[in-house]
Amino acid sequence: MVEKINKILYDWDPINLKESCVPTDEYLPEAQMIKNLILNSIDSNSLGDKIFNIFHEQFGKDLINFNYNECKIIAEKILTVI
């Protein structure tokens, strides 16, 4: 499950890490946090909010180049593949 979430996050690349040629597991810590949230039966709106908060806390506002609506779309993708 974590690998699928990580792939979705890497494909999304919310802070443009791929431009720096980072490894594909660069978002693994965030994927693990999201997996833990999913195990608590979370819906896509709540998960989108949590994803938004996770990335703000992990990387800070200066590196963020996405909005809450994108996080909700990513949440829906994640919940669809698990």
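Read-outs: derived from the displayed coordinates by stated rules, not from any lab. Predicted, not measured: the structure shown is a model, and the values here were computed from it. A quick note on method: Cβ atoms are made from the backbone with ideal geometry, for glycine too, and the neighbour counts reach across all protein chains shown.
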Contact order normalised by residue count of the chain, Cα under 8 Å, 6+ apart, percent: 38 percent
The chain: C-alpha gyration tensor shape, a/c 1.5 cut-off, then a/b vs b/c: oblate
Residue with peak Gaussian network fluctuation, the chain [Cα springs, cutoff 10 Å], from Lys35, Lys18, Lys72: Lys18
Candidates Ile34, Ile42, Ile51: whichever shows maximal mean-square fluctuation once the chain is modelled as a Gaussian network with Cα springs under 10 Å: Ile42
Tilt relative to the chain, helix 2-12 - C-alpha long axis, 0 to 90 degrees, to 10: 50 degrees
Centroid-to-centroid separation of segment 1-43 and segment 55-82 [C-alpha atoms, Å]: 9 Å
Estimated distance in nm for a label pair at Asp43 and Phe59, the labels positioned 7 Å out from Cα along Cα-to-Cβ: 2.8 nm
Of Leu47, Leu63, Leu39, the one that fluctuates the most in a GNM where the chain has Cα springs shorter than 10 Å: Leu39
Rounded tilt (10° steps) of 28-38 against the dominant C-alpha axis of the chain: 20 degrees
The chain: calculated mean residue ellipticity at 222 nm from DSSP helix runs of at least 4, using -39500 (n - 2.57): -20000 deg cm²/dmol
